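Down below is the structure, laid out as structure tokens.
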Amino acid sequence: MEKGVLELIIQALTEDRIIEKIHQSEEYNKAKEEETRLYDLLTSGLTDEQKQRLDDYIDSATWSAAIRERVAYQQGMKDFLSLLISLS
């Protein structure tokens, strides 16, 4: 039961708080603008099929990166909770 509750808490923190903080970051917003500029430059000469292949690749790479970040964040939360428990 505790593991289920912990997983729900971690999921809520990951999905809500982190996303909110990221979008408030000026550094992130500048990087996102540069990403968009470079993407537009890259795709300007591609056919529709080539652009779709590139978009599919980017979607897949983004999804795997999101999973990696979630797993790392969840492990950090678990490690932190273990530390707190061991200190009490």
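The values are calculated or read from the model by the stated rules, or taken from the named source; none is laboratory data. Everything numeric here is computed off the predicted structure, so don't read it as measured data. Virtual Cβ from ideal backbone geometry, glycine too; neighbours counted across all protein chains shown. Remember, those area values only see protein heavy atoms, side chains included, never the ligands or the DNA or RNA. Shrake-Rupley method; radii C 1.70, N 1.55, O 1.52, S 1.80 Å.
Structural remarks
- Filter pass, residue 36 being open to solvent by less than 100 Å² (accessible area, probe 1.4 Å), in contact with a helix residue (DSSP H, G or I) (Cβ under 7 Å, 6 or more places away or on another chain) and not hydrophobic (A, V, I, L, M, F, W, C): no
- Condition check for residue 74 on (1) touching a helix residue (DSSP H, G or I) at 6+ places or on another chain (Cβ under 8 Å); (2) among the polar types (S, T, N, Q); (3) modelled with pLDDT of 90 or more: one failure, at (3).
- Pairs with Cβ under 9 Å, 6+ apart, first in segment 75-88 and under 15 Å from residue 11 (Cα atoms) and open to solvent by less than 70 Å² (accessible area, probe 1.4 Å), second among the β-branched types (Val, Ile, Thr) and part of a helix (DSSP H, G or I): 77/9; 77/10; 77/14; 78/10
- Cβ separations smaller than 7 Å between residues 6+ apart or across chains give the following pairs from segment 37-54 residues that are on the phi < 0 side of the Ramachandran plot and touching a residue at least 12 places away in the same chain (Cβ under 8 Å) to residues that are open to solvent by less than 90 Å² (accessible area, probe 1.4 Å) and assigned to a helix (DSSP H, G or I): 54/43.
- Tally, over segment 40-57, of residues that are touching a helix residue (DSSP H, G or I) at 6+ places or on another chain (Cβ under 9 Å) and open to solvent by 60 Å² or more (accessible area, probe 1.4 Å): 4
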